[in-house]
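Notes follow once the structure below has been shown.
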Amino acid sequence: MRGHSDDALTDFSHRLVEVDGVTKTVHVAGSGPGVVLMPEMPGISPDVLRFARWIRDAGFTVYVPSLFGRDGAYPTAEDGEQVVRRACVSAEFRAFAGGGTSPVTRWLRGLARIAHTECGGPGVGAIGLCFTGNFALTMALEPAVVAPVVNHPSLPLDDQGALELSDDDATAVRDRIARDGVKVLAYRFEGDRWCTGQRFAAYQALLGDAFDGRVLPDSAANTDPPPFFRDLVGTPHSVVTAHFVDSDGHPTRRARDEILAFLADRLTAR
C-alpha cells in the first residue's frame with residue numbers, strides 16, 4: 001500500500017513562468033533534454049511527482065506546470081470532486097464536446113518553447129495525463145515538441161468518439177505530424193470508461209500510422225489507488241500514476257519504461 005501523505009516537492013525548484021502575459025507556477029527538476037509533464041486530475045499528486053522523478057532520473061529536465069488543484073496533495077475524493085467541478089467550468093479548459101481546443105494549450109506550447117531554449121537538443125517531450133492527456137497532442141503544434149505522449153485522455157468527457165481539438169487544430173496537428181515524422185505514443189486500460197477504444201480509434205483516424213496506441217488489460221491496474229480514483233474515477237485509468245504497479249515485469253512498469261525509452265530516442269541528439 002502506498003502512503004497517504006502529501007508530497008512537499010522539496011527536490012524541485014519552483015518557478016513563476018510567464019507566457020503571453022499569463023503566469024503559472026512550474027516545478028522543475030533534473031538536467032538534460034526538456035520534458036513537460038502535465039498533471040492529471042485532481043492535480044500534481046504524489047503519484048504524478050513519482051513519475052516526474054523517474055523522468056528526471058532517466059536524464060531529463062522535467063517541467064511540471066500547476067494547472068489545477070493543490071500541488072503535492074494526496075488525491076482525496078472530496079477535494080478531487082471540487083477540483084474537477086472548477087476545471088470543467090474554467091475558461092482555460094474545454095471539458096465537453098463541441099468546445100474545441102482548450103485555451104491553456106497555448107500557454108503550454110509557450111512553456112515547451114522555453115524548455116527547449118533552456119535545455120537545447122532536438123526538441124522537448126510533452127506528456128499528458130487524463131484531463132490533460134490530449135494536451136500533449138495539441139502541443140505538437142509547437143515545432144519544439146517532438147515526443148508527445150498521450151496517456152488515457154479523458155476529454156471531452158461527454159463524447160468518447162471525439163477529440164479535444166477544434167477542426168482547424170486537428171488539421172494542423174495532423175499535417176505537422178505527417179510533415180515532420182512525429183510519432184505519438186499513447187496508453188489506456190482496456191476497460192477504461194473515461195478513455196475507451198472509441199477515442200483511440202478517433203486518434204488513429206486522424207493520425208494514421210503516426211499514432212501508436214497501446215492497451216493494457218484491466219487486470220494490470222493497481223487495486224488500491226487513492227480515494228479519488230477508487231471512488232470517483234471507478235475504473236482502471238491511470239497507467240503510470242494512480243494505477244501503476246511497481247513490480248518487475250509488470251505491464252504498467254513496462255509502459256513506464258517504454259515511455260522513457262521513447263523520450264530518449266526522440267530527444268537525444270544524434
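The values are calculated or read from the model by the stated rules, or taken from the named source; none is laboratory data. Since this is a predicted model, take the numbers as computed values, not measurements. Neighbour counts are summed over all protein chains in view; Cβ atoms, including those assigned to glycine, are modelled from backbone coordinates with ideal geometry. Just so you know, the surface numbers come from the protein's heavy atoms only, side chains and all, with ligands and any DNA or RNA stripped out. Shrake-Rupley method; radii C 1.70, N 1.55, O 1.52, S 1.80 Å.
Quick notes on this one:
- Solvent exposure of the chain as accessible area per residue, Å², 1.4 Å probe: 39 Å²
- Taking only the C-alpha atoms of the chain, the Rg (one decimal) and the largest Cα-Cα distance, Dmax (whole number), read 16.7, 48 Å.
- Each DSSP beta bridge with both residues in the chain is either parallel or antiparallel, and the antiparallel ones are about 40%.
- Residue-averaged 222 nm ellipticity for the chain, from DSSP H runs of 4+ at -39500 (n - 2.57), nearest 500: -10000 deg cm²/dmol
- For segment 4-92, alpha-carbon Rg over 2.2 N^0.38 Å: 1.10
- Computed over segment 139-227, the convex hull of the alpha-carbon atoms projects to a mean area of 6.5 nm².
- Packing order of peptides 133-142, 242-251, highest average first: 133-142, 242-251 (average count of other Cβ atoms within 10 Å over each peptide's residues).
- Rounded to the nearest 20 debye, the dipole size of the chain about its Cα centre is 460 debye, using +1 on the Cβ of Lys and Arg and -1 on the Cβ of Asp and Glu.
- Two-site FRET efficiency, residue 253 against residue 97, from Cβ-Cβ distance with R₀ of 51 Å, rounded to 0.05: 0.90
- Value in Å of the Kirkwood radius, where segment 1-150 supplies the Cα pairs that are averaged: 15.4 Å
- Accessible-area composition of the chain, carbon plus sulfur, in percent [1.4 Å probe]: 48 percent
- All C-alpha pair distances within segment 92-243, sorted into 10 Å bins from zero, spread as 12, 42, 34, 12, 0 percent across the bins.
- Cα pair distances in segment 89-182, grouped into 5 Å bins until the bin that holds the longest one, percent each: 3, 15, 25, 26, 18, 9, 3, 1
- A Förster radius of 35 Å, combined with the Cβ-Cβ distance separating residue 53 from residue 18, puts the computed FRET efficiency at roughly 0.85.
- Label point distance in nm, residue 11-residue 70, each placed 7 Å from Cα along Cα→Cβ: 2.3 nm
- Selection of trypsin sites (Lys or Arg not before Pro), segment 177-208, meeting DSSP coil and at most 13 other Cβ within 10 Å: 193
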